[in-house]
1. Just the residues that are hydrophobic (A, V, I, L, M, F, W, C) and over 22 Å from residue 151 (Cα atoms), please, taken from segment 84-133.
2. Among 196, 176, which is the only one that is under 13 Å from the mean Cα position of the chain (by Cα) and either touching a residue at least 12 places away in the same chain (Cβ under 8 Å) or open to solvent by 20 Å² or more (accessible area, probe 1.4 Å) (or both)?
3. If a residue must be part of a helix (DSSP H, G or I) and modelled with pLDDT of 90 or more, how many such residues does segment 237-262 contain?
4. Quick one: which of 254, 302 is in the same structural domain as residue 355 (by the TED database) and either more than 26 Å from residue 353 (Cα to Cα) or not aliphatic (A, V, I, L, M) (or both)?
5. If I filter segment 71-86 down to residues being among the charged types (D, E, K, R) and assigned to a helix (DSSP H, G or I), which single residue comes out as surrounded by the fewest Cβ atoms within 10 Å (Cβ to Cβ)?
6. Can you tell me which residue is surrounded by the fewest Cβ atoms within 10 Å (Cβ to Cβ) among those in segment 296-315 that are free of Cβ contacts under 8 Å to residues at least 24 places away in the same chain and over 16 Å from residue 343 (Cβ atoms)?
7. Take residue 103 and tell me if it is out of contact with any strand residue (DSSP E or B) (no Cβ under 7 Å at 6 or more places or on another chain), open to solvent by 40 Å² or more (accessible area, probe 1.4 Å) and either closer than 23 Å to residue 175 by Cα or of a type outside the set (Asp, Glu) (or both).
8. Quick one: residue 185 ticks every box in (1) touching a residue at least 24 places away in the same chain (Cβ under 8 Å); (2) open to solvent by 50 Å² or more (accessible area, probe 1.4 Å) bar one, so which box is it?
Amino acid sequence: MPALDVPSALARVESSTAADKSAGYNELLQAIITTSTPDTLPGNLITYVRSLLGDSLGIVASRPLLAAFVDQFRHVKDPDVKIEVGQKVLELLAPKVVSYEEQDTQIKEILADAYETQEDFRSSAQILQRITLDSSQRAVSDDDKAKVWIRIVRCYLEEDDPTNAFGYINRVKNVLFGVHDKETRLQFQLSRARILDSQRSFLEASQAYQNLSFETIIDEDERLRALSAAIVCAVLAPAGPQRGRTLARLYKDDRASQVEEFGILEKIFFDRLLSPKEVKTFAEKLSPHQLAKTSDGSTVLDKAVLEHNLLGASRLYNNIGLDQLGELLGVDAERAETYAAQMIEQGRLAGHIDQIDRFIFFEGEGSGERKTGHAERIVGRELRKWDANVQSLSEEVEKVTTMIQTQYPDYYAAHMVH
């Protein structure tokens, strides 16, 4: 079969009568799709669209023809062809986009699909960002806006870019009250949890993942996977009262025993020390951002485990030397003291450090409230002791008064001040 001469065929269609043009363009499009080779298809399609948007057709006639082109273009299998043709068609549409917003949007979505097929998620996000969602030419519902924004969020998360994803998840949040599509709302919950996880807001991420695990519309396996992610985030969160409440909520979940992370959840919930072997096994399942280095050179997991073991040590000892504490935690004494001081100062650990004798004294549960310094701790402790002594004295006076009333009722009645 001889190669199709698209320019000549288009010239014949353009010179035909207005009544025959629509049928001529549709027939030529079918011929281009069926007879073009992979090498000639991009050029032929671009030439065809250039003719559609030319002066031989008005907007009223060209709009349905362009819509037909989009339907055929969607079924092109080669992503490289879609990208080459899609980019050029968008350039041709740019000066007239107000008249072809629907087709412009569809081509951008097709182009985004092609980029995602090639795992170029950033380019996909950038194309989707160019879709006009606030238009006077067509009504765009909150559902449609949210679907586009959620897709942008997911693309940026695939590129490990939570910063850009955060901006678009906030846009979804602003219209969420008007979003009725259940799948979109679930994608919002999952994306929000992933962003919080990526930003190392592990306590909030844990709560978000656990909420997602309660959604009955999701398959049971996916729900357990969300619960597993909630446990992982809780383990990585800073040790203290807030994490303790999160761990308690997860441990009491009847499904927790079904996930692989239940063992480490149980040990942390009961403030048991974690061994290096257990930590290594747990680390093998973590995502790259969960193993990133912190400012002191340790990973998020290293810091979480050290703080947990420090909290566990406070349950075992009333006091311990800093050298012995460092040996117990597997770090040097200076680092052990630094972490202990931070946790005490932040209210996540109750106690004080004697730097002269190099001892740390534990004083029960942390309050969760940030401390402002050593003086405040001393004053607060002395006030609590004073309150306890006053309460004890009052109770003893009450006991003596009751005994007098029982054994000498007449004397009590005569001298009791009402």
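1. Within segment 84-133, 85, 89, 92, 93, 94, 97, 98 qualify.
2. Values: 176 fails: under 13 Å from the mean Cα position of the chain (by Cα).
After applying the criteria, what remains is 196.
3. Qualifying residue count for the region: 11.
4. When all the criteria are applied, what remains is 302.
5. By that ranking, first place goes to 71.
6. Looking at residues that are free of Cβ contacts under 8 Å to residues at least 24 places away in the same chain and over 16 Å from residue 343 (Cβ atoms), I get 297.
7. Details: out of contact with any strand residue (DSSP E or B) (no Cβ under 7 Å at 6 or more places or on another chain): yes; open to solvent by 40 Å² or more (accessible area, probe 1.4 Å): no; either closer than 23 Å to residue 175 by Cα or of a type outside the set (Asp, Glu) (or both): yes.
Here the answer is no, as residue 103 does not meet what is asked.
8. Exception for residue 185: condition (1).
The values are calculated or read from the model by the stated rules, or taken from the named source; none is laboratory data. Predicted model, so just to flag it, every value in this text is computed and none were measured. Here the Cβ is made from the backbone with ideal geometry for all residues, glycine too, and neighbour counts use every protein chain on show. The accessibility values were calculated without ligands, DNA or RNA, using every heavy atom of the protein model including side chains. Shrake-Rupley method; radii C 1.70, N 1.55, O 1.52, S 1.80 Å.
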